[in-house]
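Have a look at the structure below, then the notes.
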Amino acid sequence: RLLGTDDVGDVAGGLARWSGILLGGGSFTWSDPAAHKSAAQLRAEAALVGVADAVVEADSPFLGACYGIGSLGSHQGGLVDRSHPEPVGPMAVDLTEAGLADPLLAGVPRHFAAYGGHKEALTRPPAHAVVLATSAACPVQAFRVGEHVYATQFHPELDLAGLHTRIETYATYGYFDPTEVDDLRAAGAAVEVTHPMTLLRNFARRYRSEAKS
């Protein structure tokens, strides 16, 4: 089920209904100064804090990507800031030893290509988190809290078509100069990205037996 911002508050009180939760990206950033955040952003953040409270306490299956890693990382005491931005498009990601052993990343090679693009990232992961992946430009590309709560900086859901949609959608949101749209599309097409989607398949396979009615 796809939930919008105004529905998020219902999740925290009803985790038993969900096999797992996926939190994707968006135009909000946790590192925005509070005075610059809109009422909608503040409302979304408050709702997501409630979800994170419930998910972490229950160690309930959760996978956050992009905005999701900022949400979970900030909630768990990590430092989310703008020290490690990455351009929209393909990037090289490296698994740590913990990542190689983690079931969510089963079948993913130590070094792989992914699509990303963000203004903010985790400069310092939560003290109790297990870092699963990194990259040259961004120290925390994935981490885990407990046994079932995950987050990634890169986008496990993006294929080339999705990347092109993201480029077009966010052309005026400050991630890049709008005149770079064609170059970014070409750069994305020049790299084959297939391994990140394995995370989604592994997540679904691992938790679908616990499907709730």
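Among the candidates Val108, Val140, Val181, which residue alone is touching a helix residue (DSSP H, G or I) at 6+ places or on another chain (Cβ under 8 Å), modelled with pLDDT of 95 or more and outside any loop (DSSP other than H, G, I, E, B)?
From the options Val108, Val140, Val181, the qualifying one is Val181.
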Next item on the list: Give Ala142, Ala127, Ala137, Ala121 a once-over and let me know the one that is in contact with a Cys (Cβ under 6 Å, 6 or more places away or on another chain), small (Gly, Ala, Ser) and closer than 25 Å to Pro33 by Cα.
Entry: Ala121
Next item on the list: Consider Ala101 carefully, then state whether it is of a type in the set (Gly, Ala, Ser), touching a helix residue (DSSP H, G or I) at 6+ places or on another chain (Cβ under 9 Å) and under 18 Å from His128 (Cα atoms).
Entry: no
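Looking only at region 156-166, decide whether some residue is buried (at least 23 other Cβ atoms within 10 Å of the Cβ), more than 14 Å from the chain's Cα centre (by Cα) and touching a residue at least 60 places away in the same chain (Cβ under 8 Å).
Within region 156-166, one or more residues are buried (at least 23 other Cβ atoms within 10 Å of the Cβ), more than 14 Å from the chain's Cα centre (by Cα) and touching a residue at least 60 places away in the same chain (Cβ under 8 Å).
Of the residues Val11, Val51, only one is surrounded by 15 or more Cβ atoms within 10 Å (Cβ to Cβ), modelled with pLDDT of 90 or more, assigned to a helix (DSSP H, G or I) and under 19 Å from the mean Cα position of the chain (by Cα); which? Can you show your working first?
Numbers: Val11 fails: modelled with pLDDT of 90 or more.
None of the others qualify; the one that does is Val51.
Given the structure, is Val56 over 17 Å from Cys138 (Cα atoms) and of a type in the set (A, V, I, L, M)?
Details: over 17 Å from Cys138 (Cα atoms): yes; of a type in the set (A, V, I, L, M): yes.
So Val56 fits the description; yes.
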Item checked: Of all residues in region 184-213 being touching an Asp or Glu at 6+ places or on another chain (Cβ under 8 Å) and part of a helix (DSSP H, G or I), the one that is least open to solvent (accessible area, probe 1.4 Å) -> Met197
Margin query: Being open to solvent by less than 10 Å² (accessible area, probe 1.4 Å) and under 16 Å from Gly64 (Cβ atoms) is true for just one of Ala129, Ala114. Which residue is that?
Written below: Ala114
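Under the condition of being among the polar types (S, T, N, Q) and assigned to a helix (DSSP H, G or I), which residue from region 152-171 is farthest from Ala113 (Cα to Cα)? Walk me through it before giving the result.
Going through region 152-171, the residues among the polar types (S, T, N, Q) turn out to be 152-153, 165, 169.
From the residues that got through so far, the ones that are assigned to a helix (DSSP H, G or I) too are 165, 169.
Numbers: Thr165: 19, Thr169: 22 Å.
The qualifying residue farthest from Ala113 (Cα to Cα) is Thr169.
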Notebook entry, point to check: Looking at Val80, is it farther than 27 Å from Ala161 by Cα and either crowded, with 23+ Cβ neighbours inside 10 Å or in contact with a helix residue (DSSP H, G or I) (Cβ under 9 Å, 6 or more places away or on another chain) (or both)?
Noted result: yes
Next item on the list: Assess whether Leu42 counts as being under 19 Å from Thr194 (Cα atoms) and either surrounded by fewer than 21 Cβ atoms within 10 Å (Cβ to Cβ) or under 15 Å from the mean Cα position of the chain (by Cα) (or both).
Entry: no
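Tell me, yes or no, whether region 57-73 has at least one residue that is assigned to a helix (DSSP H, G or I) and more than 15 Å from the chain's Cα centre (by Cα). I'd like the intermediate steps shown before the answer.
Looking only at region 57-73, we keep the residues that are assigned to a helix (DSSP H, G or I), and these are 57-58, 67-73.
From what's left, more than 15 Å from the chain's Cα centre (by Cα): 57-58.
Checking region 57-73: at least one residue is assigned to a helix (DSSP H, G or I) and more than 15 Å from the chain's Cα centre (by Cα).
Quick grid of which residues meet (1) over 23 Å from Pro85 (Cβ atoms); (2) of a type in the set (Gly, Ala, Ser):
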{"site": "Ser135", "(1), (2)": "no, yes"}
{"site": "Glu157", "(1), (2)": "no, no"}
{"site": "Arg166", "(1), (2)": "no, no"}
{"site": "Arg201", "(1), (2)": "yes, no"}
{"site": "Ala204", "(1), (2)": "yes, yes"}
{"site": "Tyr207", "(1), (2)": "yes, no"}
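The values are calculated or read from the model by the stated rules, or taken from the named source; none is laboratory data. As the structure is a computational prediction, the values presented were derived from the model and not from experiment. Glycine gets a Cβ as well: all are built from the backbone with ideal geometry, and neighbour counts include every protein chain shown. When the accessible area is computed, the model is the full protein with side chains, heavy atoms only, and any ligands, DNA or RNA have been set aside. Shrake-Rupley method; radii C 1.70, N 1.55, O 1.52, S 1.80 Å.
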